[in-house]
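The values are calculated or read from the model by the stated rules, or taken from the named source; none is laboratory data. Just so it is clear, the structure is predicted and the values come from calculations on it, not from any experiment. Methodologically, a virtual Cβ is constructed for each residue, glycine included, from the backbone with ideal geometry; neighbour enumeration extends over all protein chains shown.
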Amino acid sequence: MLQYRLSIKDKKWTKVKCVLCDREAVAGDYCTLHSKACENLTNSYGKWKKALDICWKEYLSEIVMNPLTGQWAKDVAQHLIKTGEQPDVKVS
Ligand SMILES: [Zn+2]
């Protein structure tokens, strides 16, 4: 599902771009790959929180520092640190 945004300047609908790359946004502000990465980040935070009682910001820094983290997840984590945005996290 592609999203379109009305551009005030051109008065026409334009495809929404991912905030992190040049791909088209499909879910919120992200493209397929970044939205998947964001979902994975959010899901694994639930597990980390349970084991380490770590806060969202600390968790994001760990993700960015971790050499094993994929580039997509790093992009999203860095973006979330900047915006201070925290998605709903289910801690089960
Ligand atoms: Zn993207």
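Brief remarks on what is shown
- Number of the exception - Trp56 against (1) modelled with pLDDT of 90 or more; (2) in contact with a Ser or Thr (Cβ under 9 Å, 6 or more places away or on another chain): (2)
- Matching entry among Ala77, Ala37 (being surrounded by 15 or more Cβ atoms within 10 Å (Cβ to Cβ) and either touching a strand residue (DSSP E or B) at 6+ places or on another chain (Cβ under 8 Å) or under 25 Å from Lys15 (Cβ atoms) (or both)): Ala37
- Matching residues, the stretch 52-73, being not hydrophobic (A, V, I, L, M, F, W, C) and not in a helix (DSSP H, G or I): Asp53, Asn66, Pro67, Thr69, Gly70
- In the set Ile54, Ile81, Ile63, only one residue is among the β-branched types (Val, Ile, Thr) and more than 18 Å from Ser35 (Cα to Cα); that residue is Ile54.
- Some residue of the stretch 22-40 being modelled with pLDDT of 90 or more and away from the ligand (no atom under 15 Å from the Cβ): no
- Residues satisfying the stated conditions in the stretch 49-60, i.e. within 17 Å of the chain's Cα centre (by Cα) and surrounded by 15 or more Cβ atoms within 10 Å (Cβ to Cβ): Trp56, Tyr59, Leu60
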